[in-house]
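See structure below.
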Amino acid sequence: MKNIITAVFIAIITLCINTQGYAVPLQGIIITSTGETMPLGGKAWYSSYMNLTPPRSFVQGEQLKIKLQGKARWVYVRLLPEGADAATQTGLIDRRITVPQQGIITITLENNYPNIQQISVHSGHEAFEKLLTPFNETVDIVSINLLTE
């Protein structure tokens, strides 16, 4: 009996160790959208977004690892709920995020985000009337992964 309990305990520990800390790729269609060109160059706004298939919910504490390509120095990220108007700030994470040279940002969610249909990254001059910088470049989503513990 002791050997069975020990074997079960070892199996549980092994399973826990092997399922911690991996990335689950999110599935969806990636699209870009752009605003007008500014008088001195650059785009007024630029967005790259993944329409999730199917929509899914995210919980506080989960992390999104977003791989980007482009030359933007700063971005805003938004998790848009199903049925919400994409022209509004709904779901916007209210902080400007610096894009490191390797182009990978990790977002730790500070709230629950139920029924999300789209994850978007916004660059250019401004995002939803929030100034990024006059000469901020564009950026595109390459992939989005959900990091698990």
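The values are calculated or read from the model by the stated rules, or taken from the named source; none is laboratory data. Quick caveat, the model's predicted, so the values are computed rather than measured. Cβ: placed from backbone, ideal geometry, glycine included. Neighbour counts: every protein chain shown.
See the values below:
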| read-out | value |
| --- | --- |
| Qualifying residue in the stretch 88-95 (condition: basic (Lys, Arg), loosely packed, with under 14 Cβ neighbours inside 10 Å, free of Cβ contacts under 8 Å to residues at least 24 places away in the same chain and in contact with a strand residue (DSSP E or B) (Cβ under 9 Å, 6 or more places away or on another chain)) | yes |
| Residue match in the stretch 57-72 (condition: assigned to a loop (DSSP other than H, G, I, E, B), surrounded by 15 or more Cβ atoms within 10 Å (Cβ to Cβ) and touching a Lys or Arg at 6+ places or on another chain (Cβ under 8 Å)) | no |
| Candidate set from the stretch 112-134 (those that are within 14 Å of Ile97 (Cα to Cα) and hydroxyl-bearing (Ser, Thr, Tyr)); member that is modelled with the highest pLDDT | Ser120 |
| Given (1) on the phi > 0 side of the Ramachandran plot; (2) outside any strand (DSSP E or B), index of the condition Asp85 fails | (1) |
| When residues of the stretch 117-134 are limited to those that are touching a residue at least 12 places away in the same chain (Cβ under 8 Å) and among the hydrophobic types (A, V, I, L, M, F, W, C), the one surrounded by the most Cβ atoms within 10 Å (Cβ to Cβ) | Val121 |
| Breaking point among (1) surrounded by fewer than 18 Cβ atoms within 10 Å (Cβ to Cβ); (2) over 27 Å from Tyr22 (Cβ atoms); (3) in contact with a Gly (Cβ under 7 Å, 6 or more places away or on another chain), for Leu109 | (2) |
| Where Trp45 falls short, out of the listed (1) under 18 Å from Ile144 (Cβ atoms); (2) buried (at least 18 other Cβ atoms within 10 Å of the Cβ); (3) touching an Asp or Glu at 6+ places or on another chain (Cβ under 7 Å) | (1) |
| Count of residues meeting criterion [more than 12 Å from the chain's Cα centre (by Cα) and surrounded by 15 or more Cβ atoms within 10 Å (Cβ to Cβ)] in the stretch 73-85 | 4 |
| Residue in the stretch 32-58 that is farthest from Val142 (Cα to Cα), counting only those that are modelled with pLDDT under 95 and hydrophobic (A, V, I, L, M, F, W, C) | Leu40 |
| Failed item in (1) free of Cβ contacts under 8 Å to residues at least 24 places away in the same chain; (2) outside any strand (DSSP E or B), with Ile31 passing the rest | (2) |
| Condition check for Ile12: over 30 Å from Leu132 (Cβ atoms), surrounded by 10 or more Cβ atoms within 10 Å (Cβ to Cβ), hydrophobic (A, V, I, L, M, F, W, C) and modelled with pLDDT under 95 | yes |
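Here's the yes/no breakdown for (1) on the phi < 0 side of the Ramachandran plot; (2) β-branched (Val, Ile, Thr); (3) in contact with a helix residue (DSSP H, G or I) (Cβ under 6 Å, 6 or more places away or on another chain):
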| site | (1), (2), (3) |
| --- | --- |
| Thr90 | yes, yes, no |
| Asp94 | yes, no, no |
| Asn111 | yes, no, no |
| Pro114 | yes, no, no |
| Gly124 | no, no, no |
| Leu132 | yes, no, no |
| Asp140 | yes, no, no |
| Ile144 | yes, yes, no |
| Thr148 | yes, yes, no |
